[in-house]
Amino acid sequence: MIIDHSFDPEKIQMTELTDFELLSKLLEIYDQKAIAEFLNEVSPDRWCRETLNRWVKGKATPKFTHDEYLKLSELLPKPEVTAENCDFRFIDLFAGIGGIRKGFEQAGGLCVFTSEWNKYAVRTYKANHACDDRHHVFNEDIREVTLSGDDSVSEEEAYENIKKVIPAYDVLLAGFPCQPFSIAGVSKKNALGRQHGFECETQGTLFFDVARIIAATRPKAFVLENVKNLKSHDRGKTFRVIMETLKELGYEVADENYEGSRDPKIIDGKHFIPQHRERIVLVGFRKDLNVHDSFTLKDVEKLYPEKAPKLGELLDSDTDEKYILTPKLWKYLFDYAKKHKEKGNGFGFGLVGENSTARTLSARYYKDGSEILIDRGWDFSKNFDDPENLSNRPRRLTPVECSRLMGFSKPGCNDFRIPVSDTQAYKQFGNSVVVPVFSAVAKLMKPYIITAIKKDSSSAA
């Protein structure tokens, strides 16, 4: 059977959103107060949160002026790739704020399905990535698609549901969380007589949901991303189960047999941006398509930028004072580092200058910012309590600077929208990926993906 893999532009009617539809879409991203402020930039003092709230509850039916409508329309992201000009289609699982998606869009891919459960990440995702209902499905809990939480559902029923919900696509992307591979529930499954390869070995993990989708939809290729320590988790058992599962599903994983520090599956973001950030990247191609033989992630080196940006190029010259550490917090971090240094430990803050390579930005950055502190002229030779020295206390990165450090925005730019609090923004960037890393991976994969699509189409015919 040949699956119609394309959207027919003739069947897609470009319809303008009504005022209320536009408002509803924006309320998935911004709160009513923020939208009122946007509107008042066009029509001063005409709008407030209460007016919008009455509209939402059906107690009023105001209308936007032409200029107000245009202003709000600008807040919805425009697609980087369309159904008419895409080179391949992909799905974005455990999407976070869309770092992997952004890299693959830069290679000409079109996202047709997204899954992300965190409500704050969803807001940031929808603020920056087009989610056109005409050719894109947004899902929150992936388990509602895989039906993995219901033991009464057969594998066949689960696979049928997956194929019903997820549109036709070519490449699966997933930055899946690393959970312990628990045997909880496996004995129950065995008792039901349902032991079946990966369905047994991976149950109870979110990787299980990824595997189910691969089994049901048979994509030409996949990209799985995780922390470097995935390889050593549970003395290597977790990684071994993952690799065996992918092989069982009929895929060849690039650079499978490499180990140690020279493993090309471990990619450090420092080659693209001034941040030491190692992640494991698993690229797999469907074995029956026979396109995988010459692919290696070692070739990522060929795509390193000739001149990666310096940290100083990512920083703003004028930032709010709230990002400067309080004397109390700086004293605590200072003394903590001093104590551990005296014990011969390497614990402490990471003070960086304009030419430094920063430590890894983590999801806990909102707590104290200790792993990346921007030096404002602190003099270690002076007494800590020196008033002049105290005025030079270091500061945290701002969320906008974090977006640049992760490659979402270019140096000097502020085009990545952040509709959430600083705390949530720090968590999101700390959990995300370095965008140019995945842009490079996508660029490497693209010719192999195109060949795989052609081969799959030929065999289907």
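The values are calculated or read from the model by the stated rules, or taken from the named source; none is laboratory data. It should be emphasised that the depicted structure is a prediction, and the values quoted were computed from it without experimental measurement. Don't worry about glycine lacking a Cβ; one is built from the backbone with ideal geometry, like all the others, and counts go over all protein chains shown.
Step by step: first the residues of segment 257-311, then only those that are closer than 30 Å to Arg376 by Cβ and acidic (Asp, Glu), then the one that is surrounded by the fewest Cβ atoms within 10 Å (Cβ to Cβ). Which residue is that? Going through the qualifying residues, I end up with Glu278. In the set (1) in contact (Cβ under 8 Å) with a residue 12 or more places away in the chain; (2) farther than 20 Å from Gln428 by Cβ, Glu388 fails one condition alone, (1). Is it the case that segment 356-371 has a residue that's without any contact (Cβ under 8 Å) to a residue 40 or more places away in the chain and either assigned by TED's automatic domain parsing to the domain that holds Ile97 or surrounded by fewer than 16 Cβ atoms within 10 Å (Cβ to Cβ) (or both)? Within segment 356-371 (the criterion being without any contact (Cβ under 8 Å) to a residue 40 or more places away in the chain and either assigned by TED's automatic domain parsing to the domain that holds Ile97 or surrounded by fewer than 16 Cβ atoms within 10 Å (Cβ to Cβ) (or both)), the answer is yes, since at least one residue qualifies. Of all positions in segment 226-236, at least one carries a residue that is within 21 Å of the chain's Cα centre (by Cα) and in a strand (DSSP E or B). Output yes when any residue across segment 442-454 is of a type in the set (Gly, Ala, Ser), assigned by TED's automatic domain parsing to the domain that holds Lys102 and in a helix (DSSP H, G or I), and no when none is. The answer is yes; a qualifying residue exists.
The helices (runs of 4 or more DSSP H) found wholly in segment 324-402 and carrying at least 3 residues that are modelled with pLDDT under 95 occupy 327-342.
Taking segment 144-164 as the range and being crowded, with 17+ Cβ neighbours inside 10 Å and out of contact with any Leu (no Cβ under 7 Å at 6 or more places or on another chain) as the test, the residues that pass are Val145, Thr146, Leu147, Ser148, Tyr159, Ile162.
Okay, residues lined up against (1) assigned to a loop (DSSP other than H, G, I, E, B); (2) within 14 Å of Leu110 (Cβ to Cβ):
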| site | (1), (2) |
| --- | --- |
| Arg46 | yes, no |
| Thr61 | yes, no |
| Cys86 | yes, yes |
| Arg89 | no, yes |
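Of all the criteria given as (1) without any contact (Cβ under 8 Å) to a residue 40 or more places away in the chain; (2) assigned by TED's automatic domain parsing to the domain that holds Ile453, the one not satisfied by Lys339 is (2).
Restricting attention to segment 91-109, the residues being without any contact (Cβ under 8 Å) to a residue 40 or more places away in the chain and part of a loop (DSSP other than H, G, I, E, B) number 1. For segment 255-272, the set of residues classified as more than 11 Å from Thr296 (Cβ to Cβ) and touching a helix residue (DSSP H, G or I) at 6+ places or on another chain (Cβ under 6 Å) consists of Ile266, Ile267, Gly269, Phe272, listed by residue number. Residues in segment 419-441 that are assigned to a loop (DSSP other than H, G, I, E, B) and either in the same structural domain as Asp170 (by TED's automatic domain parsing) or within 14 Å of the chain's Cα centre (by Cα) (or both): Asn431, Ser432, Val433, Val434. All conditions but one from (1) touching a residue at least 12 places away in the same chain (Cβ under 8 Å); (2) farther than 23 Å from Arg359 by Cβ apply to Tyr258; the one that does not is (1). Residues that are assigned to a loop (DSSP other than H, G, I, E, B) and either surrounded by fewer than 18 Cβ atoms within 10 Å (Cβ to Cβ) or in the same structural domain as Leu17 (by TED's automatic domain parsing) (or both) were ranked within segment 110-130; the one that is farthest from the chain's Cα centre (by Cα) is Ala130.
The set of residues from segment 63-81 being closer than 23 Å to Ser24 by Cβ and part of a loop (DSSP other than H, G, I, E, B) comprises Lys63, Phe64, Thr65, Glu74, Leu75, Leu76, Pro77, Lys78, Pro79.
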